[in-house]
1. Taking a ≥ b ≥ c as the square roots of the eigenvalues of the Cα gyration tensor of the range B:308-361, is the shape rounded (a/c under 1.5), prolate (a/b larger than b/c) or oblate?
2. Counting only other chains, what is the mean number of Cβ atoms within 10 angstrom of the Cβ of each residue in peptide B:324-330?
3. R0 = 41 Å: FRET efficiency of A:LEU49 with B:GLU390, Cβ-based, nearest 0.05?
4. Can you give the accessible area buried between chains A and B, summed over both chains, with a 1.4 Å probe, in Å² to the nearest 100?
5. Per residue of B:170-179, how many C-beta atoms from partner chains lie within 10 Å of its own C-beta, taken as a mean?
6. Using each residue's phi in the range A:25-40, evaluate 6.51 cos²θ - 1.76 cosθ + 1.60 at θ = phi - 60° and report the 3J(HN,Hα) Karplus result to the nearest Hz, with x for Gly and Pro.
7. FRET efficiency for B:ASP61 and B:LEU377, Cβ-Cβ distance as r, R0 = 41 Å, nearest 0.05?
8. Which whole number gives the average, over all residues in B:20-29, of C-beta atoms from other chains lying within 10 Å of the residue C-beta?
Amino acid sequence: MTGAQLLFWILALGACGGAIAVVIAQNVVRMAFWLIVSLGSVAGLFFQLHADFVGATQLLIYVGGTVVLLIFGVMLTASGPFLKIKTSTAELLLSAGIGGLVFVMLYTAVAGVDWNRAGADVIGAGRIPRDQFEEFVAGLEASDRERLESLYMLDESTDDPVYRLPPGRLSASDRDFLVAAWNAQERLNRPPAAPEGGTARPIGLSLVGLRPDRDLGADADSRLSTGYLLPFEIISVHLLVVLIGAAYLARAKRRTDAGGAP
Amino acid sequence: MQPILAGVTIRSFLHDSVGLSPTWAAALAAFLHAFILINTFAVLPLVFIWAERKISGRIQDRLGPTRVGGRFGWLQGLADGLKLIQKEDLVPAAADGMLFRMAPYLACMAAFTAFMVLPFSDGWVAFESDIALFLLFGILSLEVLGIVLAGYSSGSKWALFGGMREAAQMVSYEIPLAIGALVPVVAVGTLSLVEIGRMQAGWIWNWLVFTNPFVFLAAIVYFTAATASCKRAPFDLAEAESELVAGFHTEYSGMRWSFFFMAEYAAMFLVSGVASILFLGAWHTGIGPLDAALESARISGRAADSFYWPGWLANLFGAAVFMTKGSLLVCVQIWIRWTLPRLRIDQVMMTCLKYLLPMTCVLFLGAVLWPLAMTQLTGRTQLFTTPFGERIHPPTDADETALRDASPAAPESGAGSAPADTTSSLVIGHWSLDIGDSPPPPPPPPPAHLAQEGGFQ
């Protein structure tokens, strides 16, 4: 087991174990503590996937915001010194049923992914334009070049010939070789001054419409993609409306007496 | 991990030269960084507690500690630490045991982990990230949880009230703190603390606090919000001795109490360090020729093949300057504490919500519109200093090759990093690059063997 796998198992244990502990714990504030553990481990998993911006946002928003809000709510509304929650058997059975259904749904979704191809189509390595492929392959050693060319298939049916990764299972060594190749290719294309992770700049550029996977290197007269900024702003206004609505609903209601006593 | 020894990181040095596997190299490099940081994190509170007692003594016309360690009592912090270690570990009967024990570690963990992204000099940072400031505020926001859990789980009403007030205060002041820190970020254009530090080389008017009046005011607002978020007077409701016995740490004694205070003093140094990076020139002295010489040494060190002594010494000097600036700001916080009376909780919240928050929003707007207005009116983005785009040489492929782990080739086309010759008129003029004259160096070759273990990269 490599160090990365060990770190993954520790973080996954924190995330899942913390979530189970949230459900099992009897004291509400302890539930909030285990939620901190769980959400912090998820942030760690984000960092391990080199998504540094998302990991930092997870820490700032979820752990530093949502859980604090949770703790405030618990402390302000708790009637006894340490509030305990008791669930009846019927509620347990119902929740077990719903939980089982959700688990089945998630499992079929996860099992439907073709992990064997290591997400080739997701990162766009399923089809590579010929000039990009040949430029990369030219710098390699002979054995690596041959292996890469044997795995990819040239498709000249359209005007722009592309190299395709044919469908079907890959052997484990082929898959590892391809992953190393894609990582090396990515490293070459990584923008400068972005040492570790470096996802903030692509996210920022994507917000205004310059998506690094599509628009970087495109022709000068092609249109940029739609940026994510407008949906982002719409969602923030939506959240503001929700906050105001919740504050209005939770306001202290003034009681008016018919006799008008002060 | 960052290049400390010449152009290689500690991790790649351990992997390539010493021959450890990537996992062990990364783990050992991380351990070294953590070791240095935890010693810093533990020693700084000792120094600052002594400084606080001496400064407060002098402000109050008395001497402060004078016995332990000689005439100035400078070992008083150590004596306090030893006393706290040997105290009885008390957990009240009405307390929630697990949370009571966990809370100091939460607060300490948040304050300590944020040191991970704080650069002490050019490149001397445990985890360089181009979102360093964002990550720092994300981690600092976890400290509230330790305080609130401490207050709740102590099972005492003083602690509960203190914890609630403290949580409300810290959470509210995070907003002007973050937006106030965003103002220089908007002026410079990067969240990376190392980049922001590099931008401020040169004479003292290159410091970000003099960039535009909005950043100047943002420095003051940031410092106020930082003082409040560190629970320092005049915002120290949580520890209000006259009202709440001792607030959220009433029931804590011995080493658990000292964890809270290590977290507090470390957080004080942290926000002061961030203030000095964002506003006051980071690790630069502000004296033009001296900074030019130091910066040229640092740049040569970054691009060099082997260990480059002048670069390392220049960085060491920069680290000393940075620690001095951070400590001076901590002393300002101590000075404010013993000068101003304490605010009530409603005054604290009013200051944040009615004054600091609108102020920071206006400052942010002004800082965003300033280059636009300046360009329209005067044709340049800065009043009297150099525009940011010209202050720092863009990282060339030669720099990238030197910094990258996997490439073994030395950059022959290192003309970009030679400090001697230049024809462009940049800030200091002697260490800057000749931009545009030399042809771009060829792209670095891909690693020789692709079929290596993926693992840690």
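The values are calculated or read from the model by the stated rules, or taken from the named source; none is laboratory data. All figures in this text were calculated on a predicted structure; none of them were measured in a lab. When we count neighbours, we look across all protein chains shown, and the Cβ atoms used for this are built from the backbone with ideal geometry, even at glycine. Please note that ligands, DNA and RNA were not included when accessible areas were found on the heavy atoms of the full protein model with its side chains. Shrake-Rupley method; radii C 1.70, N 1.55, O 1.52, S 1.80 Å.
1. Taking the square roots of the gyration eigenvalues as a ≥ b ≥ c, the range B:308-361 is oblate.
2. Across the residues of B:324-330, the mean count of other-chain Cβ atoms within 10 Å is 0.
3. It comes to 0.65.
4. Numbers: alone 19720 and 21400 Å², together 36970 Å².
Using a 1.4 Å probe, the pair buries roughly 4200 Å².
5. Values: counts 1, 5, 0, 0, 4, 0, 0, 0, 1, 0.
That works out to 1 on average.
6. Each residue of the range A:25-40 in turn: 4, 8, 8, 5, 5, 5, 4, 4, 5, 5, 5, 4, 4, 5, 5, x Hz.
7. Numbers: r = 52 Å, r/R0 = 1.28.
The value I calculate is 0.20.
8. Mean shielding count: 2.
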